Amino acid sequence: MTKDVLEQKVLKNHINGEWSEPKEVSDVINPATGETIVQVPLSTKDDVDQAVKAAKKAQKEWALEPAPMRAEILYEVGRIMKERKEHLSELLTMENGKVLEEARGEVQEGIDMAFYMAGEGRRLFGQTTNAELKDKFAMSVRSPIGVVGLITPWNFPIAIATWKSFPAIVAGNAVIWKPATETPIMANELMKIFIEAGLPEGVVNVVFGRGGDVGDAMVNHKDIRVISFTGSGETGSNIAAECGRQLKKVSLEMGGKNAVVVMDDADLDLAADGIVWSAFGTSGQRCTACSRVIVHEDVKEELEKLVLEKMKELKIGDGLKDDIKVGPIINQAGMDKIKKYIQIGKDEGAKLLAGGNELSGKEYEGGLFFEPTVFTDATIDMRISQEEIFGPVVSLIPVKSFEEAIETNNSVEYGLSSSIFTRDVNQVYKAQRDLDTGIVYVNAGTTGAEIHLPFGGTKGTGNGHRDSGVQALDVYTEWKAVYVDYSGKLQRAQIDVD
Ligand code: NAD
């Protein structure tokens with residue numbers, strides 16, 4: 001089966017129920033081998049216009065379909081994804097590089113999201129409440145918004161797509177989806193699954209292409225009423241500015257500078273496990289990856305030793321191979337950025353404890369691999385402590401107290417995920433209150449969200465919206481307040497009558 005899609009060689013947009021031949025394409029590279037896997041269309045504004053036209057038409061019918069019936073399709077999507085889990089996971093590893101067990105975890109998130117959102121077809125709860133006048137009834141209901149635009153990144157090409165598209169679909173919207181050009185295969189596979197599951201044509205349209213072309217055309221299309229974006233802070237804030245000008249709803253999930261706090265009473269062995277997994281898993285290319293360790297100075301040396309010891313077990317290479325724990329970096333731009341920050345860290349005076357180099361040699365030929373890297377004695381004001389690197393690089397920052405640890409955690413412009421290792425229950429509760437991030441972990445690393453909880457961050461990570469969880473429905477619905485007056489006479493509301 002994996003062979004089928006690779007034999008396809010050139011992917012196609014899916015617009016109004018049809019696959020369309022691309023005019024221009026670019027190569028999709030397996031980052032572990034350097035080989036071209038398939039080619040992806042580079043679409044234009046015209047393709048977006050066509051897709052929106054189809055979506056607008058389809059959405060009218062789709063919104064009239066009862067929500068439990070819309071949900072039936074998501075149950076079927078979940079069932080097919082489950083049946084194809086291994087196939088999807090292998091393709092995901094090929095296009096994105098993450099190791100197979102992580103790819104399986106990501107696909108599973110998509111499956112879980114399908115069943116969870118399918119359940120919403122029988123909920124989509126609003127409120128029924130009291131009216132202030134006699135013989136009058138009041139309620140609030142969720143209404144679909146219309147055509148929504150989804151712009152997704154390469155690092156979670158299927159999970160993030162499901163966090164956005166499933167709530168949009170179950171709520172009765174039609175979707176235009178622009179996946180990242182690095183990882184179009186997951187979009188192609190999910191689109192095929194939508195079709196097999198019986199989704200009416202035009203309800204989901206996939207338009208591949210570059211951000212500056214397709215993404216920009218979506219943001220500027222007057223009939224796309226919502227943009228849900230996950231990606232870098234720079235792109236996201238430009239999109240938000242444009243959407244603001246057009247009064248268009250926009251949901252942003254962006255970067256992180258996530259920290260693990262290790263207090264002097266922590267289980268240090270457990271903390272080291274949590275740090276190694278959340279800093280180097282997915283080669284540090286998770287938005288929730290740990291890139292800072294804020295450690296109490298009394299346990300710094302012992303923690304360093306444990307982390308370095310555990311890092312020896314990390315085998316780096318092609319994620320399709322069994323014993324590999326750390327895969328490649330997505331592309332040359334990602335690699336250049338990591339190398340730039342290694343130099344910055346050295347120049348700033350942080351001490352390089354381990355790693356710091358791109359890997360070369362026969363074993364790594366064709367791929368882009370970087371050693372898991374640890375800086376220590378970093379300070380709060382260094383760029384390596386403040387800026388997102390998006391690679392397997394972590395900096396230890398020593399602190400003297402719990403209060404200083406919290407302040408250091410909160411000192412960055414981002415607010416996605418944080419964690420604390422401590423055995424003190426009072427510190428646990430204070431930390432969950434005071435850590436200024438959208439996700440807080442206690443006695444575990446910074447990664448590993450569950451789909452039935454809201455996903456997103458504070459400050460520069462987002463703009464207050466959330467992916468996944470029931471909260472995702474707020475992005476794709478409008479609240480409508482409905483009043484039914486059954487008194488048979490004119491009752492004037494908001495008039496101060498006796
Ligand atoms: P990116 O911003 O380069 O691209 C994200 C998407 O936006 C891609 O589909 C891209 O083609 C598109 N895009 C680029 N320019 C555009 C434009 N001008 N108009 C419209 N769309 C445009 O980000 P990336 O490198 O693909 O992803 C990595 C970033 O994503 C990291 O910063 C990471 O932290 C962040 N991320 C955040 C979360 C989260 O939920 N907070 C999750 C995953 C990734």
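Key figures for this structure:
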{"quantity": "J(HN,Hα) series, the range 266-273, from Karplus relation 6.51 cos²θ - 1.76 cosθ + 1.60, nearest Hz, glycine and proline x", "calculated": "6, 6, 5, 5, 4, 4, 5, 4"}
{"quantity": "For the range 143-203 versus the range 362-415, the gap between their alpha-carbon centres in whole angstrom", "calculated": "33"}
{"quantity": "Gap separating the Cα centres of the range 76-97 and the range 99-129, nearest whole Å", "calculated": "16"}
{"quantity": "Over the range 86-224, relative contact order from alpha-carbon pairs under 8 Å, at least 6 apart, %", "calculated": "24"}
{"quantity": "Candidate aspartates and glutamates for bridging to LYS351, where Cα separation is under 14 Å - those fewer than 8 sequence places away on the same chain excluded", "calculated": "GLU301, GLU304, ASP377"}
{"quantity": "Relative contact order of the chain, defined on C-alpha pairs under 8 angstrom at six or more residues apart (%)", "calculated": "18"}
{"quantity": "Whole-Hz couplings from phi, Karplus 6.51/-1.76/1.60, listed for the range 476-484; x for Gly and Pro", "calculated": "9, 9, 9, 8, 10, 9, 10, 10, 10"}
{"quantity": "Solvent-accessible area per residue, Å², over the range 299-443 with all protein chains present [probe radius 1.4 Å]", "calculated": "48"}
{"quantity": "Cross-link pairs beyond the 26 Å C-alpha cut-off, checked among LYS164/LYS321; LYS9/LYS164; LYS23/LYS82; LYS23/LYS178; LYS45/LYS459; LYS164/LYS192", "calculated": "LYS164/LYS321; LYS9/LYS164; LYS23/LYS82; LYS45/LYS459"}
{"quantity": "Integer Hz, Karplus 6.51/-1.76/1.60 couplings in order for the range 327-336, x for Gly and Pro", "calculated": "x, x, 8, 4, 7, 4, 4, x, 4, 4"}
{"quantity": "Under-5 Å amide H pairs with ASN463, H placed in peptide plane, nonlocal only", "calculated": "LEU252"}
{"quantity": "Cα centroid of the range 223-286 to Cα centroid of the range 302-346, whole Å", "calculated": "19"}
{"quantity": "Mean Cα-pair separation over length for the range 146-293, i.e. relative contact order, pairs under 8 Å, 6 or more apart, %", "calculated": "22"}
{"quantity": "Distant-in-sequence amide H partners of ASP485 (H built 1.01 Å from N, under 5 Å)", "calculated": "PHE137"}
{"quantity": "Alpha-carbon gyration tensor eigenvalues x 5, square-rooted, for the chain, Å", "calculated": "40, 30, 19"}
{"quantity": "Candidates per trypsin sites (Lys or Arg not before Pro) in the range 1-89, loop by DSSP, up to 15 other Cβ within 10 Å", "calculated": "LYS9, LYS23"}
{"quantity": "Proximal lysines to LYS489, defined as alpha-carbon separation beneath 26 angstrom and excluding residues fewer than eight positions away on the same chain", "calculated": "LYS134, LYS136, LYS480"}
{"quantity": "Anchor LYS325: lysines whose Cα lies under 23 Å away (excluding residues fewer than 8 positions away in-chain)", "calculated": "LYS85, LYS98, LYS257, LYS305, LYS310, LYS312, LYS315, LYS337, LYS339, LYS362"}
{"quantity": "With every protein chain in place, the range 127-215: carbon and sulfur % of accessible area (1.4 Å)", "calculated": "48"}
{"quantity": "Longest site-free stretch - the chain; sites: chymotrypsin sites (Phe, Trp or Tyr not before Pro), DSSP loop, at most 16 other Cβ within 10 Å", "calculated": "126-485"}
{"quantity": "Cut-off under 5 Å, modelled amide H: who pairs with PHE156 long-range", "calculated": "none"}
{"quantity": "Share of carbon and sulfur in the accessible heavy-atom surface of the range 288-400 [1.4 Å probe, %]", "calculated": "47"}
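The values are calculated or read from the model by the stated rules, or taken from the named source; none is laboratory data. None of the values given here were measured: they were computed from a predicted structure. Glycine also receives a Cβ, built like all others from the backbone with ideal geometry; neighbour counts cover every protein chain displayed. Remember, those area values only see protein heavy atoms, side chains included, never the ligands or the DNA or RNA. Shrake-Rupley method; radii C 1.70, N 1.55, O 1.52, S 1.80 Å.
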